[in-house]
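K.L.:
Shown below is the structure under consideration.
The values are calculated or read from the model by the stated rules, or taken from the named source; none is laboratory data. A quick note: this is a predicted structure, and the numbers were derived from the prediction, not measured. Cβ atoms come from the backbone with ideal geometry, glycine included; neighbour counts cover every protein chain shown.
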Amino acid sequence: MARTVSRKRRKSRLYWRNQGGVARAYADFRDFAHVGGGREALIEPGQSRATSDLDVAQTLLAERLQVLKAHHRNRNLLGLDRERGLAEFARYHLIQKAKAGRVTDAWIAQTETQLREVIAYLGPNRPLGSITVRDVQGFTNYLRDTPNAKGRRRTDGTIRHYLASLSNLYARAQSEGRVQPGYNPVSALMEKPVARREEAQWLEVPDAALFLEAARIYQPGADALPFMYPLVATFLLTGGRKSEVLGLELDDVSFNRGTVTFRPNKWRRLKTHTSHRTIPLWPQLEGILRAHVFSVDRPLGSLLFPSSQSSSERVVTDIRKSLDGIAELAGRQRGEIRTKIFRHTYCTARLQTTDRGAAVAPFTVSRELGHGGRAMVERVYGHLGQNRHRSEVVEYGIEQHAEVLRPTLEALRRDYPVWRDCLPL
């Protein structure tokens, strides 16, 4: 005869406490004390007090119980005697990223800023395995409703970057056995924010010619950069990224071979392995850089555009103030022109050039931009301009577009005396 084992029926984990005349939900997880369980308030994400709603309380209880059971399995099956909290593991994650050397210092800094907000919302000691999809959704809603440090509303594209940083952290946690394989509450989120696709800003060739001319006649103040004309020309006539151009050395420009080479050096790394490339030194840029390189006023050193704000040679880090001064001189708004615009402008102008009489191949342009294929050129960087013309070289000559620019130049000459002695209309 089979022996019957009697089991004592467990009391409900859910219980209530009266707080200020309102019953608040709590749960008893003391039988999971070995993995962090105890008597706990059942608090919805984004709230500071235990819930008073029965349905919400039951949902939170079930989620927390599932997490504690997962911790128990991790400890027994994977041998995890100690689970790091969110803040500690985030710090460890960033240190390992920096040691690997596959990301830039700017990436590390930005990711650290994003993870700080995650930690502030979820709690520094929150176990990784206790963060659920509900928590991630609550954090997403928090980012949508909370303005950033500048008081601006975060876009879905920005929020997606936050989630990507958290997801990357969980990828490491999985690889090191800190959570179960496949456990990633960000990946499990159904409706992730999606960045709105908009055409990037760029300049028509006549507008680029006008901006370059404005850089030439720009009279910088005492605290502004003295070489904005050759710097803007290098951006417009190479399509280089900001860090690539600002980190160029004198040896990267070869007047004999007629080339500009972007390669890693002690000042900065390159974004990808395909970013190491050599592009043509276009005639207009050659003339501008010759005058700059062989000028008696250029500071000594290996950098093509060294910072003048320090006695030792350093890379320029911020050119926004000078760009704003040039933009105003060109009849544009402050903050309207940034270096990314020059990269898009170069790509669009380069696609209009010819190669031995035929239209230049998009793959050639993509390689000059440092891409491994032409998809980015066709999908992101190439733009269809209104002033299209075929040429063998990339150039932005204001004389070539004097007729198109006539109304703009007339207005600028009325507002800025420096334009009056520039070019005849």
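K.L.:
In this structure, does Val103 turn out to be closer than 20 Å to Gly157 by Cβ and surrounded by 17 or more Cβ atoms within 10 Å (Cβ to Cβ)?
P.N.:
no
K.L.:
Continuing with the same structure: Quickly run through the stretch 146-166 and pick out the residues that are touching a Leu at 6+ places or on another chain (Cβ under 9 Å) and within 18 Å of His93 (Cβ to Cβ).
P.N.:
Scanning the stretch 146-166 gives Tyr162, Leu163, Ser165, Leu166.
K.L.:
Continuing with the same structure: Within the stretch 365-389, restricting attention to residues that are at pLDDT 90 or above, outside any loop (DSSP other than H, G, I, E, B) and not β-branched (Val, Ile, Thr), which residue is surrounded by the fewest Cβ atoms within 10 Å (Cβ to Cβ)?
P.N.:
Arg367
K.L.:
What helices (runs of 4 or more DSSP H), lying completely within the stretch 129-235, carry at least 1 residues that are within 30 Å of Leu86 (Cβ to Cβ)?
P.N.:
Output list reads 133-145, 156-175.
K.L.:
Here's another thing I want to ask about it. Is it fair to say Pro264 is in contact with a Leu (Cβ under 6 Å, 6 or more places away or on another chain) and loosely packed, with under 14 Cβ neighbours inside 10 Å?
P.N.:
The answer is yes for Pro264.
K.L.:
Where residues in the stretch 12-55 are crowded, with 16+ Cβ neighbours inside 10 Å and in a helix (DSSP H, G or I), which of them is modelled with the highest pLDDT?
P.N.:
So, considering only residues that are crowded, with 16+ Cβ neighbours inside 10 Å and in a helix (DSSP H, G or I), the one modelled with the highest pLDDT is Phe32.
K.L.:
Kindly list, by first and then second residue, each pair from a residue in the stretch 390-414 that is part of a helix (DSSP H, G or I) to a residue that is of a type in the set (Phe, Trp, Tyr), limited to pairs with Cβ atoms under 9 Å and residues at least 6 apart or on different chains.
P.N.:
Leu409/Trp419; Leu412/Trp419; Arg413/Trp419
K.L.:
Continuing with this model, one more query. Please state which one of Leu166, Leu203 is farther than 30 Å from Leu409 by Cα and either modelled with pLDDT of 95 or more or surrounded by 17 or more Cβ atoms within 10 Å (Cβ to Cβ) (or both).
P.N.:
Criteria check complete, one pass: Leu166.
K.L.:
Can you find, within the stretch 243-280, the residue that is nearest to the chain's Cα centre (by Cα) among those that are more than 21 Å from Thr339 (Cβ to Cβ) and outside any helix (DSSP H, G or I)?
P.N.:
Lys266
K.L.:
Looking at this structure, is Gly151 surrounded by fewer than 13 Cβ atoms within 10 Å (Cβ to Cβ) and of a type in the set (Gly, Ala, Ser)?
P.N.:
Taking the combined requirement at face value, the residue satisfies it.
K.L.:
Let me ask another. Residue under question is Phe255, and the condition is that it be at pLDDT 90 or above, loosely packed, with under 13 Cβ neighbours inside 10 Å and touching a Lys or Arg at 6+ places or on another chain (Cβ under 9 Å); does it hold? Reasoning before the result, please.
P.N.:
Working: at pLDDT 90 or above: yes; loosely packed, with under 13 Cβ neighbours inside 10 Å: yes; touching a Lys or Arg at 6+ places or on another chain (Cβ under 9 Å): yes.
For Phe255, the condition - at pLDDT 90 or above, loosely packed, with under 13 Cβ neighbours inside 10 Å and touching a Lys or Arg at 6+ places or on another chain (Cβ under 9 Å) - is met.
K.L.:
Ok, one more. Working carefully through the options Gly287, Gly325, find the one that is part of a helix (DSSP H, G or I) and surrounded by fewer than 18 Cβ atoms within 10 Å (Cβ to Cβ).
P.N.:
So the residue among Gly287, Gly325 that is part of a helix (DSSP H, G or I) and surrounded by fewer than 18 Cβ atoms within 10 Å (Cβ to Cβ) is Gly287.
K.L.:
With (1) in contact (Cβ under 8 Å) with a residue 24 or more places away in the chain; (2) in contact with an Asp or Glu (Cβ under 9 Å, 6 or more places away or on another chain); (3) of a type outside the set (Ser, Thr, Tyr) as the list, and Leu94 as the residue in question, which single condition is left unmet?
P.N.:
Leu94 satisfies every listed condition except (1).
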